[in-house]
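Below are the structure tokens for one structure; questions will follow.
The values are calculated or read from the model by the stated rules, or taken from the named source; none is laboratory data. Note that this is a predicted model, so its numbers are computed, not measured. Backbone-built Cβ (ideal geometry, glycine too); neighbour counts: all protein chains shown.
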Amino acid sequence: MTDRRPEHAWFAKADDDLELARRALGPDRALPTLACFHAQQCAEKYLKGYLVAHGVPFRFVHDLGYLIDLCTGLDPAFADLMPAAITPNPYVGTARYPAEAAQEPGIPKAQEAIRQARQIADFVLQT
């Protein structure tokens, strides 16, 4: 039987983004910018899924800090996640728009973004 809770649809999409982030750092041709983008998308979707589960409306923006602030209104422990938003957040535009290409991350930054996205996902799943 399929779980029909709306937040689980968000979490499933987020897990796909995390998998794509990992694959973007694969051995054939590493794509750290895309890894950062998909890590950010993973974190964003987990936070939005949490808000959906709690009936909290939100603007459809890509700002992890804003989303963490909203989640903190429900559970103050979310404030501890703010540092995990630092690495992936700036790369939302970098992967999509060439004008921001000067901010391209390297593999270590992408690995950190993936780690931080996983941290946010794990936290949301434990709450």
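Over 11 Å from the mean Cα position of the chain (by Cα) and among the charged types (D, E, K, R): is that true of E44 in this structure?
Working: over 11 Å from the mean Cα position of the chain (by Cα): no; among the charged types (D, E, K, R): yes.
Considered against the rule, which asks whether it is over 11 Å from the mean Cα position of the chain (by Cα) and among the charged types (D, E, K, R), E44 comes out as no.
Out of everything in the stretch 69-96 that is assigned to a helix (DSSP H, G or I), at pLDDT below 85 and not polar (S, T, N, Q), what residue ends up being farthest from the chain's Cα centre (by Cα)?
G93
For the stretch 6-13, check the following and say yes or no: at least one residue is under 13 Å from R118 (Cα atoms) and under 16 Å from the mean Cα position of the chain (by Cα).
Kept after step one, since they are under 13 Å from R118 (Cα atoms), are these residues of the stretch 6-13: 11.
Then keep just the ones that are under 16 Å from the mean Cα position of the chain (by Cα); that gives 11.
Within the stretch 6-13, one or more residues are under 13 Å from R118 (Cα atoms) and under 16 Å from the mean Cα position of the chain (by Cα).
Another question, if that's okay. Does A35 count as crowded, with 23+ Cβ neighbours inside 10 Å and within 17 Å of P108 (Cα to Cα)? Lay out the reasoning, then the answer.
Details: crowded, with 23+ Cβ neighbours inside 10 Å: yes; within 17 Å of P108 (Cα to Cα): yes.
It is true that A35 is crowded, with 23+ Cβ neighbours inside 10 Å and within 17 Å of P108 (Cα to Cα).
Name the single residue, out of those in the stretch 26-55 being in a loop (DSSP other than H, G, I, E, B) and aliphatic (A, V, I, L, M), that is nearest to W10 (Cα to Cα). Step through it out loud before you land on a result.
Our first condition is that a residue be in a loop (DSSP other than H, G, I, E, B); within the stretch 26-55, this holds for 26-31, 54-55.
Checking the rest, the ones that are also aliphatic (A, V, I, L, M) come to 30-31.
On the way: A30: 27, L31: 24 Å.
Within the stretch 26-55, the match that is nearest to W10 (Cα to Cα) is L31.
If you check every pair at least six apart or on different chains, which have Cβ atoms under 6 Å apart with a residue in the stretch 60-85 that is among the polar types (S, T, N, Q) first and a residue that is exposed (fewer than 13 other Cβ atoms within 10 Å of the Cβ) and part of a helix (DSSP H, G or I) second?
T72/A79
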